1. Divide, for the range 1-151, the radius of gyration over alpha carbons by 2.2 N^0.38 Å, where N is the residue count.
2. Using helices alone, I'd like the mean residue ellipticity at 222 nm for the chain: each DSSP H run of four-plus residues gives -39500 (n - 2.57), total over residue count, nearest 500.
3. Relative contact order of the chain: what whole-number percent is it, with Cα pairs under 8 angstrom and at least 6 residues apart?
4. Measuring from centroid to centroid over Cα atoms, what is the spacing of the range 223-238 and the range 82-96 in Å?
5. Return the distance in nm (one decimal) between the two label points of a simple spin-label model at Ser275 and Glu225, each offset 7 Å from Cα along Cα→Cβ.
6. Considering the convex hull of the alpha carbon atoms of the range 168-275, report its projected area averaged over all viewing directions, in nm², one decimal.
7. Cβ neighbours within 10 Å, averaged per peptide: list 219-231, 132-144 in order, most packed at the top.
8. Can you tell me the FRET efficiency between Lys245 and His59 if r is taken as the Cβ-Cβ distance and R0 is 35 Å, rounded to the nearest 0.05?
Amino acid sequence: MPLIGLKESALKLILFGGKGGVGKTTCAASAGLFLAGNFKTLLLSTDPAHSISDSLGQHIGDAITEVKDVRNLSALEINAEKALSEFKIEYEEEIKKILDTSTNLDNEDIESVFSLSIPGLDEVMGFKTIMDLMDEGKFGKYIVDTAPTGHALRLLTMPQLLDDWVKMLAKLRWKYRYMIKTFSGKYAPDEADDFLLNMKKTVKKIESLLKDQSRCEFIAVTIPEDMAIQETTRLIHSLSEYGVKVKQLVINNVIEPRDCAFCQERRKEQEKYISQIRKKFSSLNTTLSFLRPREVKGVNALSAFAGQLAQGDPVNRMVA
Ligand SMILES: Nc1ncnc2c1ncn2[C@@H]1O[C@H](COP(=O)(O)OP(=O)(O)OP(=O)(O)O)[C@@H](O)[C@H]1O
Ligand SMILES: [Mg+2]
């Protein structure tokens with residue numbers, strides 16, 4: 001069966017995720033090419049080891065770049081570290097004000113707390129970059145190539161991480177507000193409070209987007225091998241714990257039935273795993289994608305690959 005529903009106009013954000021090396025970037029780039037036929041599309045990567053450039057055969061980098069020879073497709077390799085430092089520059093005054101008014105830290109201590117690296121906060125800001133771009137609304141579809149499982153899960157748990165961070169700052173701020181109110185009788189919120197309120201709104205916005213199945217979809221990519229299936233199972237379960245429901249799965253690197261003893265042997269083994277996957281995830285739409293004789297690189301090869309994802313495997317073809 002082909003991948004379905006990608007062209008629904010309400011669906012804005014499509015993330016591809018799975019174990020290392022199973023074909024996430026290839027699927028994401030192909031989906032980007034496929035959707036660019038109908039929508040202004042932005043292909044993004046949140047994987048620190050970006051490979052959209054390699055996949056498309058064109059340098060992309062951390063600025064939105066139009067993909068050569070493809071109408072309506074642009075790409076961006078998000079630099080999470082840079083996103084975090086830009087965030088810190090933008091809100092330096094507010095964050096320092098919270099630390100200054102609510103703690104006993106002196107200027108030197110505040111500087112060192114401010115420059116502390118908080119684990120995961122760079123990824124949080126990477127995701128915030130996606131949200132900001134979606135708010136700008138210049139594209140109809142945002143396709144995300146995520147890093148292997150653990151990283152992708154961290155990305156999706158980021159609303160929680162950001163929430164914890166905002167809560168910590170809000171707690172500090174609350175003590176300060178309480179003191180002011182107790183001694184002067186009233187408290188007028190300032191720009192530091194506005195900042196906290198806006199961050200809280202961002203957390204809520206990201207959370208509701210990720211859980212909204214009509215606007216956001218996470219497509220799992222796997223291969224018909226034991227370890228990959230086990231990791232896919234964990235990924236799908238963890239995602240559902242965060243309220244992200246996976247509806248579709250791509251099984252990549254499937255060997256086409258051919259008249260060759262080696263291929264038949266491998267295919268037989270793969271069939272065992274394919275039926276295991278289908279049994280385990282019977283409610284998911286599974287799309288088979290064949291192993292190609294060559295790497296799937298460059299616009300032409302990716303477009304052919306996209307055709308296969310859109311049409312489904314010939315054995316089980318349905319209308320796209
Ligand atoms: N069906 C296929 N047939 C042949 N080659 C493929 C197929 N799918 C992917 N490839 C090739 O396999 C390699 C790995 O694919 P890809 O980079 O998409 O995987 P990934 O899951 O993004 O990897 P990583 O976890 O390292 O980011 C690439 O060289 C790609 O061209
Ligand atoms: Mg990749």
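1. So the Cα radius of gyration is 1.23 times the expected 2.2 N^0.38 Å.
2. My calculation for the chain gives -17500 deg cm²/dmol from helical runs alone.
3. In percent, rounded to a whole number, it is 29.
4. For the range 223-238 versus the range 82-96, the Cα centre distance is 38 Å.
5. 2.3
6. The number I arrive at for the range 168-275 is 10.5 nm².
7. Answer by packing, highest mean first, reads 219-231, 132-144.
8. Rounded to the nearest 0.05, the efficiency is 0.45.
Every number here is computed from the coordinates shown, using simple stated rules; none is lab data. If you're wondering where the values come from, they're calculated on a predicted model, not measured in any experiment. Note that each Cβ is placed from the backbone with ideal geometry, even for glycine, and that neighbours are counted across all protein chains shown.
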